[in-house]
Structures are given as structure tokens and as C-alpha cells.
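**Q** Attaching a single structure in C-alpha cells format; questions to follow.
The values are calculated or read from the model by the stated rules, or taken from the named source; none is laboratory data. Everything quoted here is computed from the prediction, not taken from an experiment. Virtual Cβ from ideal backbone geometry, glycine too; neighbours counted across all protein chains shown. For the accessible areas, the whole protein counts, side chains as well, though only heavy atoms, and no ligand, DNA or RNA atoms are used. Shrake-Rupley method; radii C 1.70, N 1.55, O 1.52, S 1.80 Å.
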Amino acid sequence: MSKDQIPPDSPAPRASWGSRIGFIFAVAGSAVGLANIWRFPYIVGQNGGAAFILVYLLCLLFIGFPVFISEIIIGRSTCLSPSGAFRKLGGASWGWAGKLTIATGFFVSAFYSAVAGWILGYLIEAVGGQISSFTAIADARLHHQSLMENPLWGLGFHFSFLLICTLVLLLGVRGGIERGNKIMMPLLFIMLMFLAVYGLMMPNAHVGLTYLLNPNWGALTPQAFLMALGQAFFTLSLGQGTMVTYGSYLKKNENLMASCVPVVLMDTCVSLLSAIAVFTIVFSVGIEPNAGPGLIFHTLPWVFSQIPSGHLLAVAFFLLVLMAALTSEISAMEPTIAYLIDDWGWKRKTAVLCCGAGAFLLGVPAALSYSVLKNTTISGMAIVDLMDLLATSILIPLGGFLAVVLAGWRWGIPQVLHHMEQGFPQLFEKYRWLIYYFWFCIKFSAPILIILVFLNAFGIF
Ligand code: PHE
């Protein structure tokens, strides 16, 4: 690491990614998660198929990608955790905005782990063959219910999932996060390709594809537009300090566009492939896919019980989802860890252990949402859903908004463009239109459209 990368107020030489591909896999690992494999397929199905996909891609282009680049640049130019980075670029009061994004990441890591714990539990069930041998869909539902009502099952897997993440994080940025992602991401792609090809070879695959790809413009309500926006944010892990932190480990001589564009492409491909795999497999047995947790926890197990090699497929599927969740969870915890190291001078080991323990405790109510705490609901929503709603509708858009306003209005577009060129000085000579694109998106389209998401969250539309 060169000297100019060590900021004066950083206590120790900062960790950095070992290679560009290591960065790409780590950032893609953060982005690709439950939102791609679980959520994307059913929101596409519900909101107009290909019409929704088009709106989603526009949201990525005009909001998601510019916010993503802004966050990476904020991190890379300062080499600090979000709190220090926001403070350095915006002044003392902006430090609070950075801290808010760190708190959001920590909050997300708590309930995300509870949900991912259920996935881990289902993987164990899949290995034992329990979720590929149902004789009726009602049995799959009952089995799901009985697992969720067992508090020890939920807590035990929430704990185990966090333990795995904590162990990877203890190994550090290169040895843990980078190496873990380099192993898990290619595996995830191979498994997803396998599932998508398998799905396309199933009888009735064309029905699933039609359901997914037929543009139904009538289903494209303003609500669908806002859902696309929320999905773009959550899937790119924006607004919660993750990309600022991962950007802070990126060397200044790295070509930013060559590192970041593949990530967004990969994330989008995974979403589309997941949708293809899920719908072709589900339609092959002639049932309508349903939304939410049901899709993954009882519809799919029922399908696995119907089709040849269902056992193997169930294991492959839950392993895939688990790996996607692991790499995302690690990235949700890292901003807090980087903050404790940077601002409080803690050793990495202490920071990781405290963050793991804290995320476990905060996630306990989420893990118990459908067992001990199943009667504790607000407007009929379980605790885990409330935590999810608070994060995705308020905290995450707010964090993304603050980052893009900091970059576009407080720090300034000339600075942003200057830092974009580092590592590839001919960038704007070769692609002049990028200047207009980033100027328009970072200064106008992204912040304005995020405000619209907010207005929607507060029910103003
Ligand atoms: N991007 C992840 C997903 O698509 C979610 C995530 C949340 C990642 C929080 C990091 C932090 O599931």
C-alpha cells in the first residue's frame, strides 16, 4: 500500500483488497443476496413481468448506479469508515449522517441474520431429505409452520449463521472477506446456472417464462415503480455504509469503472437468472407462485417433492441462497467493524466479536417473530417484517440520499469526477458523455427520485 493511501487520522495502515477481481467478488457478494434470489422473482411476477423489469433497469441506471458510484468514491477518496468519510468530505455535522448509515447497516445485519438463519435451517432439512418428500402442499406448509414455531430452531440458526459470518470477518479484509467471496461467488454462479438450465428443461418451462417475461403494462402502477426503486437500493446494498466501507479498501490506482460496472451487471444477471429458475421450476408442477416467505419455504419444497432429483435440487437451492446471504451479511457488519477500528481505535478481533454479539442480541426478537413473539405485532406485522420495513422504506433511502447529496451538492461534481478518473485518467476523454450522465444523475435524478420514495413511504401518494 502506498503512503498516500493512509489518511492522517487513521490509526493504522488501512487494509486493502488484494486484487481487482477480489474487490469485484466482494462487492458482488454483498449485492447478491436474498433480495435477488427470493424477493426479485416474486415482485417481478406480481408487478407486470417484463414491464417491471424495464422500470427496474431504469431505476438502476438513473438512481442505483450513480448512488453506488458515489458511495464507493466517498470511501475510496477518504480511506475511512462512513463516519470519518462523511465528516472529512462534508464537515463535522455530516459525521452524524455517516454514523446513521453505519447504524442502518448494523440494524439490517441483525434481522437479515434471523432470516438467513431460517435458510440455514432449511439447508439442514434439505440435506436430511425432509423438505423433498411431501405428499401434499398443505404438509409443506405445516412443516414450515412447525419449524417457525420452535423458538430454539430460530434462535439456534440465527446464532449459527452469525457465528460463521463472525469467523470469516475475524480473518480480516483479504484473508476473510476477499477469500470467502472468491470461493462462494463462483460457486453461487455455477449453482444458479445449473438451476436455471434445469428449470428451462422442465415441462411447462414456457409457461413460467411467459409469466415472467410477458410485459403487462396494466400492472405497472406507481406503486410498482416505487417497489422497483426500493429493490434497486436494497440489492446494491446502498444507504447503509457498506459500499463506502468496501470502497475505502479499494486502491486509488484501480480503474473504478472497470471494477464497478461488472458488479452491477452480475447483480442484475443473478436476479434475472433466479427469476427464470424459480418460475420455470414452480410452473413445471402447474401451481401459481405465491409471494413472500411462502415461495421459498413451502411452495418450492412442495415442488422439490414432485420432481425428479428434487432432493439434490433442494440442497443446491438452499446452499445457493445461504451463500448469497452469507456474503451479504458479512458486508452489512463490516461498516460497524471499520467504524470501531477507525474511530474508537479497537482491535479488529474485539470489534468483530462485539459486532457479532450485538447483531445476535438485536436479531433475537426477529428470530422469535413467529414463535414466542408471534402475538407481538404492530398493524398485523411481525417484528421481523417491521424491522425490514423500517430499514427498506426509511433508513436505507435516507442513507442513500445523504450519500448522493454529500457527493453531488456538498463535495461537488468536479471532485467526484476527478476521483472517478483516478486509475484511468483517459476516462472522460474516451467517454465524454459520462460527464453529463454522472452530473445529471448524482445532482438531480437520484436525489429527486429518492425523495419520491420517501413521500411514498409516508403515504403521501
Ligand atoms: N444486497 C443484499 C441483498 O440483495 C442485502 C444487503 C443488506 C446487503 C444489507 C448488505 C447489507 O440481499
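**Q** Can you pull out the residues in the range 61-74 that are within 18 Å of the chain's Cα centre (by Cα) and either among the small types (Gly, Ala, Ser) or open to solvent by 10 Å² or more (accessible area, probe 1.4 Å) (or both)?
**A** The initial filter retains those residues of the range 61-74 that are within 18 Å of the chain's Cα centre (by Cα), namely 61, 63-72.
Matches in the range 61-74: Leu61, Gly64, Phe65, Ser70.
**Q** Further question on the same structure: Tell me, which helices (runs of 4 or more DSSP H) wholly within the range 359-461 include 2 or more residues that are open to solvent by 40 Å² or more (accessible area, probe 1.4 Å) and in contact (Cβ under 8 Å) with a residue 40 or more places away in the chain?
**A** Working: elements: 383-389, 396-405, 413-421, 427-430, 433-440, 446-457.
Of the helices (runs of 4 or more DSSP H) lying wholly inside the range 359-461, those with at least 2 residues that are open to solvent by 40 Å² or more (accessible area, probe 1.4 Å) and in contact (Cβ under 8 Å) with a residue 40 or more places away in the chain span 396-405, 446-457.
**Q** If you check Ile296, Ile330, Ile287, which single one turns out to be at negative phi and touching a Cys at 6+ places or on another chain (Cβ under 7 Å)? First the steps, then the outcome.
**A** Working: Ile296 fails: touching a Cys at 6+ places or on another chain (Cβ under 7 Å); Ile287 fails: touching a Cys at 6+ places or on another chain (Cβ under 7 Å).
Among Ile296, Ile330, Ile287, only Ile330 is at negative phi and touching a Cys at 6+ places or on another chain (Cβ under 7 Å).
**Q** Next question, about the same structure. Could you list all residues from the range 83-135 that are crowded, with 21+ Cβ neighbours inside 10 Å and not in a helix (DSSP H, G or I)?
**A** Ile131, Ser132, Phe134
**Q** Within the group Thr392, Thr350, which residue is under 20 Å from the mean Cα position of the chain (by Cα) and either polar (S, T, N, Q) or at positive phi (or both)?
**A** Thr392
**Q** Out of Ala332, Ala314, I need the residue that is surrounded by 19 or more Cβ atoms within 10 Å (Cβ to Cβ) and more than 16 Å from the ligand (Cβ to nearest atom). Which one? Explain how you work it out, then say what you get.
**A** On the way: Ala332 fails: more than 16 Å from the ligand (Cβ to nearest atom).
Of the residues listed, the single one that is surrounded by 19 or more Cβ atoms within 10 Å (Cβ to Cβ) and more than 16 Å from the ligand (Cβ to nearest atom) is Ala314.
**Q** Among the candidates Arg20, Arg39, which residue alone is under 26 Å from Cys165 (Cα atoms) and away from the ligand (no atom under 16 Å from the Cβ)? Spell out the reasoning first.
**A** Working: Arg39 fails: away from the ligand (no atom under 16 Å from the Cβ).
Answer to the check: Arg20.
**Q** Let me ask something additional. Go through (1) at positive phi; (2) modelled with pLDDT of 90 or more for Gly48 and report which single condition fails.
**A** (2)
Condition check ((1) open to solvent by 20 Å² or more (accessible area, probe 1.4 Å); (2) over 25 Å from the mean Cα position of the chain (by Cα)) across all residues:
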| site | (1), (2) |
| --- | --- |
| Ile190 | yes, no |
| Leu195 | no, no |
| Val207 | yes, yes |
| Thr210 | yes, yes |
| Trp217 | yes, yes |
| Leu220 | yes, no |
| Ala232 | no, no |
| Thr235 | no, no |
| Leu238 | no, no |
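**Q** Is at least one residue of the range 277-286 within 16 Å of the ligand (Cβ to nearest atom), β-branched (Val, Ile, Thr), more than 26 Å from Gly154 (Cα to Cα) and touching a residue at least 40 places away in the same chain (Cβ under 8 Å)?
**A** No, the range 277-286 has no match at all.
**Q** Also, I was wondering about something else. Please pick out the residue among Gly199, Gly230, Gly175 that is among the small types (Gly, Ala, Ser), farther than 22 Å from Thr392 by Cα, in contact (Cβ under 8 Å) with a residue 24 or more places away in the chain and not in a loop (DSSP other than H, G, I, E, B). Working first, answer last.
**A** Working: Gly230 fails: farther than 22 Å from Thr392 by Cα; Gly175 fails: in contact (Cβ under 8 Å) with a residue 24 or more places away in the chain.
Testing whether each residue is among the small types (Gly, Ala, Ser), farther than 22 Å from Thr392 by Cα, in contact (Cβ under 8 Å) with a residue 24 or more places away in the chain and not in a loop (DSSP other than H, G, I, E, B) leaves just Gly199.
**Q** Return yes when Val303 is within 16 Å of the ligand (Cβ to nearest atom) and crowded, with 20+ Cβ neighbours inside 10 Å and no when it is not.
**A** Details: within 16 Å of the ligand (Cβ to nearest atom): no; crowded, with 20+ Cβ neighbours inside 10 Å: yes.
In short, no.
**Q** Within the range 13-61, take every residue that is hydroxyl-bearing (Ser, Thr, Tyr) and assigned to a loop (DSSP other than H, G, I, E, B) and give me the one that is nearest to Pro447 (Cα to Cα).
**A** At the first step, the residues of the range 13-61 found to be hydroxyl-bearing (Ser, Thr, Tyr) are 16, 19, 30, 42, 56.
Add one more test, that the residue is assigned to a loop (DSSP other than H, G, I, E, B), and what stays is 16, 19.
On the way: Ser16: 30, Ser19: 32 Å.
Checking each candidate, the answer is Ser16.
**Q** Anything in the range 233-264 that is in a helix (DSSP H, G or I), more than 16 Å from the ligand (Cβ to nearest atom) and among the hydrophobic types (A, V, I, L, M, F, W, C)? List them, or say none.
**A** Result: Leu256, Met257, Ala258, Val261.
**Q** If you take the residues of the range 17-44 that are out of contact with any helix residue (DSSP H, G or I) (no Cβ under 6 Å at 6 or more places or on another chain) and of a type outside the set (A, V, I, L, M, F, W, C), which of them is surrounded by the most Cβ atoms within 10 Å (Cβ to Cβ)?
**A** Of everything passing the filter in the range 17-44, Arg39 is surrounded by the most Cβ atoms within 10 Å (Cβ to Cβ).
**Q** Just to be sure before I move on: is Ile131 among the β-branched types (Val, Ile, Thr), under 26 Å from His311 (Cα atoms) and over 20 Å from the mean Cα position of the chain (by Cα) in the structure I sent?
**A** Spelling it out, Ile131 is indeed among the β-branched types (Val, Ile, Thr), under 26 Å from His311 (Cα atoms) and over 20 Å from the mean Cα position of the chain (by Cα).
**Q** Same structure, new question: Looking at the structure I just gave you, is Leu169 assigned to a helix (DSSP H, G or I), over 29 Å from Phe424 (Cβ atoms) and within 14 Å of the ligand (Cβ to nearest atom)? Even if it seems obvious, please write down each step before you answer.
**A** On the way: assigned to a helix (DSSP H, G or I): yes; over 29 Å from Phe424 (Cβ atoms): yes; within 14 Å of the ligand (Cβ to nearest atom): yes.
Yes.
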